[in-house]
1. Among the residues of region 22-41, is any within 27 Å of Ala219 (Cβ to Cβ), in the same structural domain as Leu309 (by TED's automatic domain parsing) and assigned to a helix (DSSP H, G or I)?
2. Just a yes or no: is a residue in region 425-437 at positive phi and at pLDDT below 50?
3. Of all residues in region 250-268 being out of contact with any Lys or Arg (no Cβ under 6 Å at 6 or more places or on another chain) and not in a strand (DSSP E or B), which is farthest from Phe288 (Cα to Cα)?
4. Among the residues of region 216-228, are any in contact with a Phe, Trp or Tyr (Cβ under 8 Å, 6 or more places away or on another chain), assigned to a strand (DSSP E or B) and over 24 Å from Gly78 (Cβ atoms)?
5. Of the conditions (1) touching a strand residue (DSSP E or B) at 6+ places or on another chain (Cβ under 6 Å); (2) not in a loop (DSSP other than H, G, I, E, B), Glu498 satisfies every one except a single condition; which number is it?
6. Just to check your reading of the model, which residue among Leu87, Leu20 is more than 25 Å from Ser200 (Cβ to Cβ) and buried (at least 22 other Cβ atoms within 10 Å of the Cβ)?
7. Name the single residue that is nearest to the chain's Cα centre (by Cα) among those in region 368-385 being assigned to a loop (DSSP other than H, G, I, E, B) and under 16 Å from Pro403 (Cα atoms).
8. Look at region 368-379 and say how many of its residues are over 21 Å from His330 (Cβ atoms) and of a type in the set (A, V, I, L, M).
Amino acid sequence: MPSTEGTRQVVIAGGGPVGLWLAAELRLHGAEVTVLEARTEPDPHSRASSVHPRTLEMLDCRGVIEPFLAEGLRVPRGHFAALSSWLDFRRLDTPYPFSLALPQVRTEQLLAAHAVTAGADLRRGHRVTGLTQDDRAVTVHVDGPDGPYRLRAAYLVGCDGTRSTVREAAGIDFPGTPATAWAWMGDVVLDTPPRHPSCSNERGAFMAFPLPGGTHRIAGNDAATNRTRPTAPLTFDQLRAKVRDITGTDYGMRDAGWTSTFGNAARQAARYRNGRVLLAGDAAHAHFPAGGPGLNTGLQDAFNLGWKLARVLDGTADDTLLDSYHAERHPAGADVLRSTRAQAGLMTGHTPEHLAMRELLCELIDGVPEFSDDLAARAAGLAAAYPPDPAAGAHPLTGTRAPDLHLSAPTGTTTLFTLLRPGHPVLLDLTGRAAHPDLRGPDRPGPERPGSGLPGPGRLTRHSAPLAEPRADWRAVTAALVRPDGHLAWLTEETDPEALATATRTATAAF
């Protein structure tokens, strides 16, 4: 009979980047977290190799970005469908106008260190095999090195990939479309790398970009075979022959560390929550890896879910707050699927019509800055927004990602991302007049004011000071409430002191 251990607050199935980031977010708020990972070691073969600007912002918001910046290669551009006209991240409104080329194995190792340091119980070699749940808890069935056992938890989060055991056991459908085209990738040494990283013609498509350590990630598909499902692993000689056929050269390709094939299947979980079971990352969405959004979208899932689940666990929010996780992240995932489907169609089609469409899109990217910037923001992960009901009359910026505002402080300036590091909401009084009695000055939390409706001690970071660097889109904003995940919960342009105090009290109480 399997043994049953004591009750945990949260069990996370899957110790990849998404599960580890979620574990650290929950530990930030004191939740007891157990991460169950079937692998005994991180997978050395990294499908994901790019950390996007929004992910870098999230890492900064928790004060753990420096190791990533120290190891990754900064790439100030992105792509849409491997077009020859690239997207310029330097034009984007972010302190990190670049992606980091960093193999997923290092991203995972760095996030594992972050989660374990925060106090998460990471168990490698422990595979989730099933679950049962009732209205009080969920029982997780586990196969560990010493045999099967069970864990009771308040909540279970499936971060266990596209073949998620948790999703299947929870009875959550995974509708979508099967693979109809296939591509390939590999990590190799190129003695003479291409001057331009992408190529597309009637024979196929090819991309190459550098990784740390002197290797290159190459990817592509060939028109002659990309509609036929692979039946055997791709060899290095086959990979080199495909590249030669498309480009006319193999760029001095040698020392392949890894080769793989993948298809354009696209699926999304019908719901991200079923009772006490939730999904995040690849367990919730699977798609063609055009532009590498998978890992980054999954980390945004975890960033959205972490603070909400923590608030439910500590009793400061009702369980219904978790419904907003699906309401906000399911549309974001659907948007990623729409984008990757469109890119897959362009990248795996090599007819004259496809090539003409690629040429036209390149002209738009080069000639219409607004079009190029919109695609760049999407590729960078900066476009996700959680807008409220338009009928509510909210400020136009409500629900968008907050920029890293530079704010006046007693010692000079501080930034919004710095204020977000404790993982609490941030209440900004940009008038600098402490419009609400509980806004006692820069960076001072202050005690709870009886009857004020404000969160108690330690649950809200307050900062009363004007912007140190003016911004046109924030010129009239007098106060704002920023969620722990860096999205704007509330803003106002009210200037009357009494009305501003009332609006602030109402906003913080509702939050």
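The values are calculated or read from the model by the stated rules, or taken from the named source; none is laboratory data. Just so it is clear, the model here is predicted, and its values are computed rather than measured. Here the Cβ is made from the backbone with ideal geometry for all residues, glycine too, and neighbour counts use every protein chain on show.
1. no
2. no
3. Gly252
4. no
5. It fails just one condition, (1).
6. Result: Leu20 is the single residue among Leu87, Leu20 that is more than 25 Å from Ser200 (Cβ to Cβ) and buried (at least 22 other Cβ atoms within 10 Å of the Cβ).
7. The selected residue is Gly381.
8. 3
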